[in-house]
Each structure stands twice: as C-alpha cells, then as structure tokens.
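Trainee: Structure incoming, see below.
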Amino acid sequence: MLISLHISKTAGTAFRIFLESNLGRAAAFAYAGERGARPEIRQAMALLKRGEAGQAKEMIQQGGIEAIHGHVAYEFLQAFPDAATMTWLRDPVQRAVSEWLTMKRSPDPENPESVAVANGEAKFEAFLEKRRDFLSHCVGLLQDNDRPLALFAAERAGEAAEVMRRELGWRGAAPSRNRTPASAQEEAAALTKTHADSAKDILGADIALHRQLLADWDSGAAAERAALALRNAPHRRAASPLRRARRAAGVARERAGRFLRRDWA
C-alpha cells in the first residue's frame with residue numbers, strides 16, 4: 001500500500017494523473033468532502049471516523065486499491081500503518097503565493113477564507129500567518145520513527161521520477177501541470193518582494209525544511225531514503241486505453257503550461 005499526501009499547490013493534481021497512468025484502478029483518491037471518491041474510499045472513510053480501522057482496511061483491499069492519494073490520504077494510515085508514505089514539498093513562499101493567487105482568481109464559495117481573499121477583505125501577511133509551519137505539520141502527519149518517508153521536492157521532479165522508475169517501474173516524467181497564467185506572475189513576484197521579510201519570519205521553519213530537502217536531493221541522501229520508503233509501494237501495471245489517453249492529454253497540458261510559464265497546480 002502507498003499513502004500519498006497531496007499538499008495544496010505542489011503539483012498534486014497532476015501527480016494524480018501520473019499515478020493513474022502507472023497504477024490504473026489500483027490508485028484511488030481521498031479528498032475532503034469525498035468529492036470524486038470511489039465508493040470504497042467513501043465507505044472506508046466513514047468506517048475510520050467510527051474507529052473501525054480493520055473493516056476499513058478490508059473494504060480497501062476488496063476494492064483492489066493499492067495506492068491512496070489526496071489531501072486526507074494520511075487518515076488511511078490508521079488502517080495501513082505499514083504502508084509506504086510519500087509527499088511533495090515546494091518552496092514555501094512560492095507555494096503560499098500560488099495558493100493566495102488561486103483563491104483570488106478562483107474562489108471556493110464554501111471556503112470563507114477563499115471568498116475573503118477574492119473580495120479583497122484579507123491581508124496577505126494574515127494569510128501567511130495561518131500557514132506558519134504548514135509544511136512541517138503535513139510532513140508530521142506521515143512521519144513515524146518505524147516508517148521511512150519518501151519526501152520529494154517539486155524543484156527536483158526529474159530526480160524523483162528516476163527513483164520511481166528504478167524502484168517501481170513507473171514511467172513518465174513526474175508531472176507539473178500548470179494553471180497560473182503568465183499574466184499573474186508579475187503579481188506573484190510583487191507579493192514575494194513586498195513581503196519577503198515577513199515571509200521569511202513567518203515561514204522560517206518550513207523554509208529551512210525545504211532547503212534541507214533540496215540539499216539532501218542534491219547529495220543523494222533523499223533519493224536513498226525515498227527508495228527505502230517506497231519498498232512497499234505498488235509496481236507499475238498496464239493501464240487501460242482510456243487512462244493512457246488521459247495521461248497523454250495531461251502531458252500535452254503540462255508542455256503547454258511550461259511554454260506559457262504557468263505555475264504548479
């Protein structure tokens with residue numbers, strides 16, 4: 001079993017397509033509100049909420065699910081404590097700016113903070129404060145002294161893809177589908193420059209975590225840890241024509257996004 005935590009604005013949506021193309025129906029997805037979830041995931045999440053981890057595990061196994069990816073995927077560690085675990089990190093300031101711009105551009109009517117950002121009622125520094133230690137917290141949801149964690153960096157996607165290819169036979173470049181228009185990049189740069197000092201203060205712990213991760217990927221230490229962590233993850237299996245077509249469309253979007261200098265999804 002593989003548990004993959006999708007941290008917002010780290011290309012997790014694109015990684016979902018990557019998982020689908022390599023694992024087919026063995027990959028399932030878990031998000032808040034159960035949006036788009038398979039019946040097995042919805043039922044298993046209900047069982048977990050009632051403290052029935054054993055029955056949740058049985059439900060997942062009966063569905064042939066071997067990988068769960070999403071914002072709330074970590075909850076399934078209750079049922080699969082020995083699962084392989086992984087997540088992606090990204091420069092904390094860039095990630096926060098990207099999240100702010102997404103809320104401003106495409107507000108979620110069910111998210112009061114998103115609506116406030118879109119309506120100009122929120123201050124960026126207050127927004128940052130709510131994300132203090134956010135990446136550290138997300139990593140903590142997966143960390144266990146008895147279980148290694150595959151920690152990938154969006155800025156080292158090529159190296160990550162090589163580990164997955166070598167250890168699991170997964171194919172394709174680790175994706176970074178893009179959504180933020182190039183026209184928004186000036187605003188992103190302005191936000192980063194204007195709030196540079198406060199961002200370093202508020203997000204200091206996460207910045208240090210991310211810098212160390214990049215250094216570990218450059219030294220090879222992170223790749224070694226990832227290989228060890230993925231030993232219980234599922235290997236590649238043949239995908240259906242529909243999923244191959246979906247992946248091909250995703251690759252085309254990624255290439256277009258890079259050409260247009262768009263941001264990570």
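Trainee: Quick check: is even one residue across the range 241-256 at pLDDT 85 or above, among the charged types (D, E, K, R) and within 30 Å of L168 (Cα to Cα)?
Mentor: Looking for residues that are at pLDDT 85 or above, among the charged types (D, E, K, R) and within 30 Å of L168 (Cα to Cα), one finds none in the range 241-256, hence no.
Trainee: Name the single residue that is farthest from Q212 (Cα to Cα) among those in the range 113-143 being acidic (D, E) and out of contact with any Ser or Thr (no Cβ under 6 Å at 6 or more places or on another chain).
Mentor: E121
Trainee: Could you grab me the full set of residues in the range 77-98 that are crowded, with 20+ Cβ neighbours inside 10 Å and among the charged types (D, E, K, R)?
Mentor: Within the range 77-98, R90, D91, R95 meet the criteria.
Trainee: Since A46 meets every condition but one in (1) crowded, with 16+ Cβ neighbours inside 10 Å; (2) hydrophobic (A, V, I, L, M, F, W, C); (3) over 23 Å from A233 (Cα atoms), which condition does it not meet?
Mentor: Evaluating A46 over (1) crowded, with 16+ Cβ neighbours inside 10 Å; (2) hydrophobic (A, V, I, L, M, F, W, C); (3) over 23 Å from A233 (Cα atoms) leaves (1) as the failure.
Trainee: Would you mind stating whether F127 is under 25 Å from A28 (Cα atoms) and of a type in the set (F, W, Y)?
Mentor: Judged against the criteria, F127 is not a match.
Trainee: Something else now. Kindly check whether there is at least one residue in the range 206-223 that is under 15 Å from D91 (Cβ atoms), touching a residue at least 60 places away in the same chain (Cβ under 8 Å) and not in a helix (DSSP H, G or I).
Mentor: Within the range 206-223, none of the residues are under 15 Å from D91 (Cβ atoms), touching a residue at least 60 places away in the same chain (Cβ under 8 Å) and not in a helix (DSSP H, G or I).
Trainee: To continue, here is another question. Can you tell me how many residues within the range 6-32 are surrounded by fewer than 21 Cβ atoms within 10 Å (Cβ to Cβ), of a type in the set (S, T, Y) and under 16 Å from R236 (Cβ atoms)?
Mentor: The qualifying residues number 0.
Trainee: Follow-up question, since we're still on this one. Within the range 171-187, can one find any residue that is within 19 Å of the chain's Cα centre (by Cα), modelled with pLDDT of 95 or more and surrounded by 16 or more Cβ atoms within 10 Å (Cβ to Cβ)?
Mentor: No, the range 171-187 has no match at all.
Trainee: Inside the range 1-112, counting only helices (runs of 4 or more DSSP H) that do not spill past its ends, which hold 2 or more residues that are touching a Ser or Thr at 6+ places or on another chain (Cβ under 6 Å) and on the phi > 0 side of the Ramachandran plot?
Mentor: Hits in the range 1-112: none.
Trainee: Would you please name the residue that is surrounded by the fewest Cβ atoms within 10 Å (Cβ to Cβ), looking only at residues in the range 127-155 that are modelled with pLDDT under 95 and not in a loop (DSSP other than H, G, I, E, B)?
Mentor: Only one residue fits best here, namely D144.
The values are calculated or read from the model by the stated rules, or taken from the named source; none is laboratory data. Please read these numbers as outputs of a predicted model, since none were measured by experiment. Cβ: placed from backbone, ideal geometry, glycine included. Neighbour counts: every protein chain shown.
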